[in-house]
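Q: Structure provided below as structure tokens; questions to follow.
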Amino acid sequence: MELNERILLVLDKNERVDTLKLALEFNEDHQKVVGAVKSLEALEMVTSEAVKSTRWELTEEGQLVADKGSHEAVLYRSVPDTGIPQAELMKTVPNAKVGFSKAMSSGWILIDKSGGAPLVKKKVDSITDTVQDHLNEIKKGIDNLADNIRNDYKKRKLLQEVTIKSFLLSKGPQFATTIKKLETDLTSEMLLTGSWKNLDFKPYNFDALGQPPECGHLHPLLKVRSEFREIFLEMGFTEMPTNMYVESSFWNFDALFQPQQHPARDAHDTFFISNPAVTTKFPMDYLERVKQVHSKGGYGSQGYRYDWKLEEAQKNLLRTHTTAVSARMLYQLAQQKQFTPQKYFSIDKVFRNETLDATHLAEFHQVEGVVAARGLSLADLIGTLDAFFKRLGFHRLQFKPAYNPYTEPSMEIFAYHTGLGKWIEIGNSGVFRPEMLLPMGLPEDVRVIAWGLSLERPTMIKYGLNNIRDLVGPRVDLQMVQTNPICRLDK
Ligand code: PHE
């Protein structure tokens, strides 16, 4: 018979039953009985109440005594009828010290000093080893010991008290002595024949832990990226195509009114591409206007007044900022017949020839926002930054005048980080210069405000990392990628 049915039979004859008693009665492991009870409970056939009880159990030493006899009995049995020198007895018998004193006080042995060296002899012909008998009873679950005796065994470290949890069972609302097999599936056959009406179905176990689904996991940078993307989309921004890691110097620098002698355009700062080393296809009329504004000025600007070279603009490189993408997008926007205001964003990889350290790698991600509309001002930029960073959880911003070749004015963005308790630099921003926008063909009253920040910095702050190598590269802990929660910025 199944264990759970045997439990039901016992419960049929008794109002309440303890699982420990059942385990003893069935000679089964208590945990197994508890398992069977849990399944009966799910069927509402029994109800249970957790109870704690204490029980005396044999210690390891007590176990030995139960098997081999008490120390005093073992010692008594080692004494030959003719006696044995005390020193020899003490050497050969295990636990001789305790055994000797107990056997002496029980009057089982005596010491004969008549022949010089003390000789141990039996004093009685036979003994009853009550200690062994008692312990064997306890082992069987029978405990009729008087308190003082039990305490004595406890002192001798033969017994120990243990607390055990068990369950007190009573009949449940669905109690019966046999278990009906419950249906676990509703089949089309049951529906067709109508047999489902007379069947009992197993209830769902909504507490069961599901199998964790096998799936990929987003790297922390991607988790933060999705959150940023979400914020931009909520604010009505359109994502720019950022799939070109390789750019020409023209779009990365020249279009942004960054002069050709600018130190950022040096191989010390920028990775140039050797194959293919140059780009030759450009919108030539626009390129001509860019050349003009650099070398001679125009649109009310005096320009940089230097000899602008096509070869320099043709050089291919790994883009150093996503503003190269913004330049392409704004140029495209300028080609529309009718200007329409736009909000663009991008989040993607950029490359710089940096000295690597704990917070810098040669490649990282930039987050960039661009807004183009007529008559925008610095106030619009500040307002937009406020709205954007508020959604990232930064409620206090400060701005510091800065310099970019392509924006005027330019502002570094600082935010008060409540977690870190200090002001941190989180981005760079500005209003694009007319020298950049007018050669593209944008109407004169169109202003473009923009800002950029790295994706790595907020990610490291968010996930409490202080070395970039724990985030990117061969040292990344894959477990961390799996277990890190999805990114929710406290807005
Ligand atoms: N391109 C700038 C950088 O690389 C960020 C920026 C973007 C600044 C847009 C102003 C406007 O740091």
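Please treat every number below as a calculation from the coordinates, not as lab data. Remember, predicted model here, so these are calculated numbers, not experimental data. Here Cβ is always computed from backbone atoms with ideal geometry, including for glycine, and neighbour counts include all displayed protein chains.
Q: Please give the calculated 222 nm ellipticity per residue for the chain, where each DSSP H segment of at least 4 residues contributes -39500 (n - 2.57) and the sum is spread over every residue; nearest 500 deg cm²/dmol?
A: When only DSSP H runs of four or more count, the value is -10000 deg cm²/dmol.
Q: Please give the charge dipole size of the chain, origin at the Cα centre, charges +1 on K and R Cβ atoms and -1 on D and E Cβ atoms. Round to the nearest 20 debye.
A: Using Cβ point charges on Lys, Arg, Asp and Glu, the chain gives about 740 debye.
Q: Using Cα atoms only, what is the angle between the long axis of helix 284-295 and the major principal axis of the chain, expressed in degrees (0 to 90) to the nearest 10?
A: It is inclined by approximately 90 degrees.
Q: Now, a different point. Can you list residues whose amide H is under 5 Å from SER454's amide H, if they're 5+ apart or on another chain and H is modeled 1.01 Å from N?
A: Those lying under 5 Å, H to H, from SER454 are VAL367.
Q: Using the Karplus curve 6.51 cos²θ - 1.76 cosθ + 1.60 with θ = phi - 60°, what ³J(HN,Hα) values do you get for each residue of region 121-134, in whole Hz, with x for Gly and Pro?
A: For region 121-134, the Karplus curve yields 10, 5, 9, 10, 6, 8, 10, 10, 8, 5, 4, 4, 4, 4 Hz.
Q: A follow-up question, please. Let me check I've understood the local charge: for GLU161, count other residues with C-beta under 13 angstrom from its C-beta, Lys and Arg +1, Asp and Glu -1. What total comes out?
A: Taking every other residue near GLU161 into account, the sum is +3.
Q: Output ³J(HN,Hα) for region 356-361: one whole-Hz value per residue in order, computed from phi by the Karplus curve 6.51 cos²θ - 1.76 cosθ + 1.60 with θ = phi - 60°, and x for Gly and Pro.
A: 6, 8, 4, 10, 10, 10
Q: Let me ask something additional. Rounding to the nearest 20 debye, state how big the charge dipole of region 71-128 is about its Cα centre with +1 on each Lys and Arg Cβ and -1 on each Asp and Glu Cβ.
A: For this selection, approximately 120 debye.
Q: Another question, then. Checking the a/c ratio against 1.5 first, then a/b against b/c, what shape does the Cα gyration tensor give for region 71-128?
A: oblate
Q: Related question: Less than 20 Å apart at the alpha-carbon level, and either on another chain or at least 8 residues along: which lysines does that give for LYS123?
A: LYS97, LYS102, LYS113
Q: Just how far, in whole angstrom, is region 298-331 from region 54-70 if you go by their alpha carbon centroids?
A: Taking the Cα centre of each part, region 54-70 and region 298-331 sit 90 Å apart.
Q: List the residues, sorted by chain then number, that are 5 or more residues from MET45 or on another chain and whose placed amide H is less than 5 Å from its amide H.
A: It is GLN174, by chain and number.
Q: If amide H atoms are built 1.01 Å from N in the plane of the peptide, which residues on other chains or at least 5 residues away come under 5 Å of the amide H of GLU183?
A: When sequence neighbours closer than 5 places are left aside, the close amide H contacts are ASP200, PHE201, LYS202.
Q: What is the ratio of the Cα radius of gyration of the chain to 2.2 N^0.38 Å, with N the residue count, to two decimals?
A: 1.87
Q: Modelled label-to-label distance, LYS400 and SER188, 7 Å Cα→beta-carbon offset: nm?
A: 7.1 nm
Q: Another question about this same structure. Could you give the angle, 0 to 90 degrees to the nearest 10, between helix 220-234's Cα long axis and the longest principal axis of the Cα atoms of the chain?
A: 50 degrees
Q: Give me a comma-separated list of calculated 3J(HN,Hα) values for region 345-350, in order, Karplus coefficients 6.51, -1.76, 1.60 applied at θ = phi - 60°, integers in Hz, x for any Gly or Pro.
A: Whole-Hz 3J(HN,Hα) from phi for region 345-350: 9, 8, 9, 6, 7, 9.
Q: Order of 385-396, 51-62, 473-484 by packing, highest average Cβ count within 10 Å first?
A: Descending packing order for the listed peptides: 385-396, 51-62, 473-484.
Q: Also, I was wondering about something else. For VAL162, VAL448, what ranking results if the residue with the fewest other Cβ atoms within 10 Å of its Cβ goes first?
A: VAL162, VAL448
Q: Sticking with this one: For the pairs LYS38/LYS202; LYS21/LYS155; LYS68/LYS165; LYS32/LYS157, note any where the Cα-Cα span goes beyond 26 Å.
A: Cα-Cα > 26 Å for LYS21/LYS155; LYS68/LYS165; LYS32/LYS157; rest within.
Q: Here's something else I'd like to know. Kindly rank 321-331, 150-160, 81-91 from highest to lowest mean number of other beta carbons found within 10 Å of each residue.
A: 321-331, 150-160, 81-91
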